[in-house]
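Structure first, commentary second.
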Amino acid sequence: MRTRRAVTDRLFWGFCFLAFALIAAPSVSMLISVAHQAAPAVGWSLFSQTTKGIGIQNAILGTLLLLLGVLIVAGTIGVAAGVYLAEFASGRSEKVLRFFSEVLAGMPSIVIGYIGYITLVVQFHWGYSLLAAVIALSVLVMPYIVKTTEVALRQVPSVLREGAAGLGMPRYSTLGRILVPTALPAITSGLIVALAISTGELAPLLFTAGFSDHNPRLQLFHQQVPYLTNVIFTDLALPGKRPHATSAAAALVSLVILIVLIVAGRIVAGRARRNTARMSL
């Protein structure tokens, strides 16, 4: 009997290790391949010069600026909508909000970019601009934030709500001091996923941000914005080893940004869990 259990246990862990290898191997292989192709372009000039020369400084700064804008716009609206769906929505308002969220989640990114171009760039006369690009990306990723926030709040144990009600805490105070801090790790994960999607998007930005060979300025209208995915797409289509190396370097920087976002999200989520544990004591 013990031998059978030992064999079963080893088979189980063997399958777990195989599953982990199948997930990790493509990611590691991709990272190594991109780093190898980017090696000829990696140097001080890559980060000190703009795409007008042989660097991607402006694209890095533009991407970070876009991510900050998405975090502010999509993060604020998405978390607020998720909280409303989880705690306050009912009846027709819940059905309508959930319907539009699901429609946005299934809409292709290029369609969102085209609508952003027609509406923001042309009709509102914003031109290719930072605000138009941020709004297009925010519309694209907002459903993920809404759904993650709603699910995170619904998974908070009902005991916490009942305890807060028993202590006579108002509903908004319960939400701000107990429910949201408890659900913060999962909400943070949703924000990280949204930022990761924004980092790798190209189609909406082609229609709303344009591209600039200069460093971005904090100007909301009529100012084109540089970003890494445009460098990856454009330089890869050019002949020669140097543009291809620059494209790979831009891809590598995008991966590094994703890794930093994931690590930062884990740190925030870990601190939130520790604070929740102290609160429960």
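FYI, it's all coordinate maths here, none of it is from the lab. Remember, it's a predicted structure, so these values are computed and weren't measured experimentally. Glycine gets a Cβ as well: all are built from the backbone with ideal geometry, and neighbour counts include every protein chain shown.
Points worth noting:
- Restricting region 45-135 to trypsin sites (Lys or Arg not before Pro) in coil, as DSSP defines it, with at most 15 other Cβ within 10 Å: Lys52
- Among residues other than Lys95 with Cβ under 15 Å from its Cβ, the summed charge is -1 (Lys and Arg +1, Asp and Glu -1).
- The fewest-to-most ranking of Met169, Met30 by surrounding Cβ atoms within 10 Å reads Met30, Met169.
- Within the set (1) 46; (2) 58; (3) 62, the number that percent of Cα pairs over 25 Å apart takes when calculated for this structure is listed as (2).
- Residue exposure proxy: Thr149, Thr234, ordered by other Cβ atoms within 10 angstrom of their Cβ from fewest to most, comes out as Thr234, Thr149.
- Under Stokes-Einstein, with the Kirkwood radius over Cα pairs as Rh, the value for region 148-281 at 25 °C and 0.890 mPa s is 135 µm²/s.
- Shown is the FRET efficiency for Ser93 and Gln155, computed with R0 = 25 Å from the Cβ-Cβ distance and rounded to the nearest 0.05: 0.70.
- Along the chain, the longest continuous region that contains none of the chymotrypsin sites (Phe, Trp or Tyr not before Pro) in a DSSP loop with at most 16 other C-beta atoms within 10 Å is 125-220.
- With the simple spin-label model, which puts each label point 7 Å out from Cα in the Cβ direction, the Ile77 to Ala165 separation comes to 3.3 nm.
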